[in-house]
1. Only one of LEU151, LEU141, LEU158 is within 16 Å of the ligand (Cβ to nearest atom), outside the structural domain of ARG263 (by TED's automatic domain parsing), within 28 Å of HIS273 (Cβ to Cβ) and of a type outside the set (S, T, N, Q); which?
2. As an exercise: evaluate ILE262 against (1) within 21 Å of VAL341 (Cα to Cα); (2) outside any loop (DSSP other than H, G, I, E, B) and give the number of the one condition it does not meet.
3. Can you confirm whether GLY185 is farther than 30 Å from VAL359 by Cα and either modelled with pLDDT of 95 or more or not charged (D, E, K, R) (or both)?
4. Take the residues in segment 67-87 that are more than 15 Å from the chain's Cα centre (by Cα) and part of a loop (DSSP other than H, G, I, E, B), then tell me which one is nearest to the ligand (Cβ to nearest atom).
5. Consider segment 255-301. How many of its residues are out of contact with any Gly (no Cβ under 7 Å at 6 or more places or on another chain) and aliphatic (A, V, I, L, M)?
6. Run down GLU167, GLU219 and say which single residue is of a type outside the set (Lys, Arg), modelled with pLDDT under 95 and on the phi < 0 side of the Ramachandran plot.
7. Just for segment 161-185: of the residues that are buried (at least 20 other Cβ atoms within 10 Å of the Cβ) and within 16 Å of the ligand (Cβ to nearest atom), which one is nearest to TRP108 (Cα to Cα)?
8. If you take the residues in segment 92-116 that are farther than 25 Å from LEU284 by Cα and surrounded by 18 or more Cβ atoms within 10 Å (Cβ to Cβ), which one is farthest from the chain's Cα centre (by Cα)?
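The values are calculated or read from the model by the stated rules, or taken from the named source; none is laboratory data. The shown structure was predicted, so the numbers you read here are calculated from the model rather than taken from an experiment. Every residue, glycine among them, receives a Cβ derived from its backbone with ideal geometry; neighbour counts consider all protein chains shown.
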Amino acid sequence: MTEMSWDFLPHACRLNHLQVMLLFLVAVILLQTDNSLCDLPFYNGFYYNHVMNDKGNGNEEIHFNGVKLVVETPGDPIFTHRGANVTLSCHYHYDPQLVKSRKIRIKWSKLREDSTKDKDVLVAAGLNHRSFGDFNGRAHLQQDSPGDVSLVIHDLRLHDRGKYRCEVIDGLEDESGIVDLELQGVVFPYQPHRGRYMLNFHEAKRTCEEQDAVIASFEQLFKSWEEGLDWCNAGWLADGTVQYPITLSREPCGGRGMAPGIRSYGERHKSLHHFDVFCFSSYLKGEVYYLSHPQKFTLEEAKQACQDDKAEIAKVGQLYSAWQLHRLDRCDAGWLADGSVRYSIVSPRPKCGPPEPGVRSFGFPKRGKFGAYCYKMN
Ligand SMILES: *[C@@H]1O[C@H](CO)[C@@H](O)[C@H](O)[C@H]1NC(C)=O
């Protein structure tokens, strides 16, 4: 091997072999130091370092890389019902564990199905917390044990259903988990008195609300289909799609050859396209009952009769809830608030409609006298 020549370097820079070796060693050490950053274990969290932590907040413990914040939420949806109090579980800890507690902030928000912007539910820092919108006065943090930042919501409403984000914020960094809150209830198709396929998306939403219900989610429709819902008219769902559930394949409902399932028209124009709607309702706080009268009522008389009985005429969503969740079984046709005439059968029998349980409808009679279904708050 011939000796290496360093003649290309200017005279002042000429290095002897020893100096070259030294430089080489330094370079290798530098490179290794650099590489060691890549050897840090990967966490699906974030690393602390001394830069981001404010002083006097347990920082001595977090001056090294690799402490992570862990936020835990349940993997399965929580099922409850309207009117219930619910705890959405969320806990955090540091791994490895820290001796001193750190100041953190908590933010609970609700994900929106039809937009990217979350809805604020509650924020908390230290002893202060604040809830927003219609969660005001209904939501608070549980804080039963260290690291417990579970959200308690009282008196659940139909539109409380959905996914909630629990966010723990430590300094500049944050970690979060999702809790899925589902309500038990009943899905029903709705067609207004004007007839079939008259509602755009916005009207569909409003129509369900007028029946003491909300527009159903796909998950709710799917669950109802699993439980046997079969309906051959397409209806809006909360995500802006139009679908219908078929348990018994037949020609006019997507074809005989198609397997049972949810048939989908996909996403439709929210203002220009018109369909029916699927509504969702959950347990009632009050009671639906049949009010009879020897002469029967017109619609206006039925409304008055319920009021005279310290109640109000029942809405369609209330009758469906009474049927499916409170087992109202009454073989008498009665007026409802929207001008339809229906009755609710749990145990099918002769002269009470088809052999399956269900809410029977006579549509929206223009004349004729019937009983009345009233709704009374408990
Ligand atoms: C919910 O909590 C409130 C306040 O603690 C209580 O008064 C109410 O009875 C609870 N409701 C139910 C359904 O448990």
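1. Within the list LEU151, LEU141, LEU158, the selection yields LEU158.
2. Evaluating ILE262 over (1) within 21 Å of VAL341 (Cα to Cα); (2) outside any loop (DSSP other than H, G, I, E, B) leaves (1) as the failure.
3. In short, no.
4. Of everything passing the filter in segment 67-87, ASN85 is nearest to the ligand (Cβ to nearest atom).
5. Count: 6.
6. Being of a type outside the set (Lys, Arg), modelled with pLDDT under 95 and on the phi < 0 side of the Ramachandran plot holds for just one of GLU167, GLU219, which is GLU219.
7. The selected residue is LEU183.
8. TYR94
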